[in-house]
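Here is the structure we will look at.
The values are calculated or read from the model by the stated rules, or taken from the named source; none is laboratory data. What you see is a predicted model, and the numbers here were worked out from it, not measured in a lab. Neighbour counts are summed over all protein chains in view; Cβ atoms, including those assigned to glycine, are modelled from backbone coordinates with ideal geometry. Note: accessible area is taken over every heavy atom of the protein model, side chains too, but ligands, DNA and RNA are not part of it. Shrake-Rupley method; radii C 1.70, N 1.55, O 1.52, S 1.80 Å.
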Amino acid sequence: MQHYEHEIVLQGKKVINEFRMVLYGEQEILLFVRDITERKEMEEQLKHLSYHDGLTGLYNRAYLDEQLTEEKLQNARPVGIIMADVDGLKQVNDNMGHQEGDRLLQRAANVLRVQEGGIVARIGGDEFIIVLTQTSEEEIKKLCQIIEEKIKIANQEDGQVLLHISLGWSIGFEDTPVF
């Protein structure tokens with residue numbers, strides 16, 4: 001039996017078909033065609049949920065662990081890591097409720113999002129990590145400054161609960177283990 005999947009766009013909608021071919025006798029084949037679009041969409045949704053934080057939409061620790069293997073990082077050195085911790089989340093949760101704490105975490109995630117080449121993940125309750133490959137100390141310092149500016153802007157736009165994020169960074173060169 002041979003198995004193929006083929007994706008096409010029909011009337012603006014993506015359709016995925018599965019083709020299975022089985023030899024039937026010496027000169028004939030049986031061909032089964034089945035629309036598997038719904039199944040594939042569900043698989044993508046499950047994959048997304050397994051690698052993303054439900055609250056912030058950022059990557060999660062499982063995704064980070066899978067991406068940060070020594071094998072994958074071999075040609076990506078130097079690797080820069082920025083650790084970010086949202087200050088005062090417990091007090092916001094205790095005094096204003098978890099809904100406001102969740103909103104604070106979502107604001108932090110928006111501030112920490114990196115454009116190209118970086119992985120941003122929520123790795124704990126109020127902890128985030130940014131991983132940059134093939135980077136330099138100057139680029140990491142610049143990104144930290146950009147984040148601090150974004151925090152100021154976020155607090156000006158929505159100052160009901162001020163956002164404070166503690167940042168720390170490190171860079172690993174050729175011989176330095178990442179984790």
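Which members of region 20-77 meet the condition of being polar (S, T, N, Q) and open to solvent by 80 Å² or more (accessible area, probe 1.4 Å)?
So in region 20-77, the residues polar (S, T, N, Q) come out as 27, 37, 45, 50, 56, 60, 67, 69, 74-75.
Those that are polar (S, T, N, Q) and open to solvent by 80 Å² or more (accessible area, probe 1.4 Å): Gln27, Gln45, Gln74, Asn75.
If you scan region 127-147, which residues turn out to be open to solvent by 80 Å² or more (accessible area, probe 1.4 Å) and within 21 Å of the chain's Cα centre (by Cα)? Within region 127-147, Gln134, Glu139 qualify.
Within region 128-142, track down each residue that is without any contact (Cβ under 8 Å) to a residue 60 or more places away in the chain and part of a strand (DSSP E or B).
Matches in region 128-142: Ile130, Leu132.
State whether the residues of region 104-126 include one that is over 22 Å from the mean Cα position of the chain (by Cα) and open to solvent by less than 20 Å² (accessible area, probe 1.4 Å). Looking for residues that are over 22 Å from the mean Cα position of the chain (by Cα) and open to solvent by less than 20 Å² (accessible area, probe 1.4 Å), one finds none in region 104-126, hence no. If you go through region 24-72 and keep only what is free of Cβ contacts under 8 Å to residues at least 12 places away in the same chain and assigned to a loop (DSSP other than H, G, I, E, B), you end up with Gly25, Glu26, Gln27, Gly54, Thr69.
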